[in-house]
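Undergrad: The structure under discussion is supplied below as structure tokens; questions concerning it will follow.
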Amino acid sequence: MRKSYRIKKEKEFQAVFDRHDSVANKAFVLYQLHKPGQKHFRVGLSVSKKIAHTAVLRNQVKRYLRQSLLELQPELPSEIDFLVIARKPATKLNMAETKKNLRHLLKLGKML
């Protein structure tokens, strides 16, 4: 996924958090902020050290999420910023399970 599709700055993360528009499932939490006029969606990923103690595991969860989002990209709305925050069960998921859980979460958030 290209860097233009990512939320990286603290101020942008905080803007999405402050909106308090969130849904959750067992493995992930989704915060979303609608931004009319935006060319494409932007996503921020967060995997805490409390959830995965090693950088290897945190990066693996983020890789799985990025790949799942890349596969779901044509179905996602363009005028939205959203954050995906991993919970403890996300560290035990493989790629297929991660995509399934992410799809469920996006449906809960009415993004799919």
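Only the coordinates and a few stated rules stand behind these numbers; no lab work does. All figures in this text were calculated on a predicted structure; none of them were measured in a lab. Here the Cβ positions follow ideal geometry from the backbone for every residue, glycine too, while neighbour counts run over all protein chains shown.
Undergrad: What's the exposure ranking of 64, 5, going from fewest to most Cβ atoms within 10 Å?
TA: With the fewest neighbours first, 64, 5 line up as 5, 64.
Undergrad: Grab the DSSP H runs of the chain that are 4 residues or longer, score each as -39,500 (n - 2.57), total them, divide by all residues and round the 222 nm result to the nearest 500 deg cm²/dmol.
TA: Values: 3 runs with 41 residues, N = 112.
That calculation yields -11500 deg cm²/dmol at 222 nm.
Undergrad: I would also like to ask the following. Please compare each pair in 39/88; 50/99; 8/50; 8/49; 88/110; 11/100 to a cut-off of 27 Å on the Cα-Cα distance and tell me which ones are over it. Numbers along the way, then the final one.
TA: On the way: 39/88 33 Å; 50/99 22 Å; 8/50 20 Å; 8/49 18 Å; 88/110 24 Å; 11/100 30 Å.
Table pairs above 27 Å Cα-Cα are 39/88; 11/100.
Undergrad: Can you pull the semi-axes for the chain, root of five times each eigenvalue of the Cα gyration tensor, sorted largest first, whole Å? Don't skip to the end; give the middle numbers.
TA: Details: eigenvalues 87, 47, 36 Å².
Output for the chain: semi-axes of 21, 15, 13 Å.
Undergrad: If you don't mind, another one. Could you work out how far helix 55-72 tilts from the main Cα principal axis of the chain, as a 0 to 90 degree angle to the nearest 10?
TA: 40 degrees
Undergrad: What list do you get for 111, 95 if you sort them by fewest beta carbons within 10 Å? Intermediate values should be presented prior to the final figure.
TA: Numbers: 111 18, 95 13.
In increasing order of surrounding Cβ atoms, one gets 95, 111.
Undergrad: How tilted is helix 95-108 with respect to the longest principal axis of the chain? Cα atoms for both, answer in degrees (0 to 90, nearest 10).
TA: Its long axis makes an angle of about 40 degrees.
Undergrad: Between residue 2 and residue 103, 0.36 nm times their residue separation minus their Cα-Cα distance comes to what? Each step should come with its number before you reach the end.
TA: Values: separation 101, 0.36 × 101 = 36.36 nm, distance 2.04 nm.
Taking residue 2 through residue 103 to full extension adds about 34.3 nm, to one decimal.
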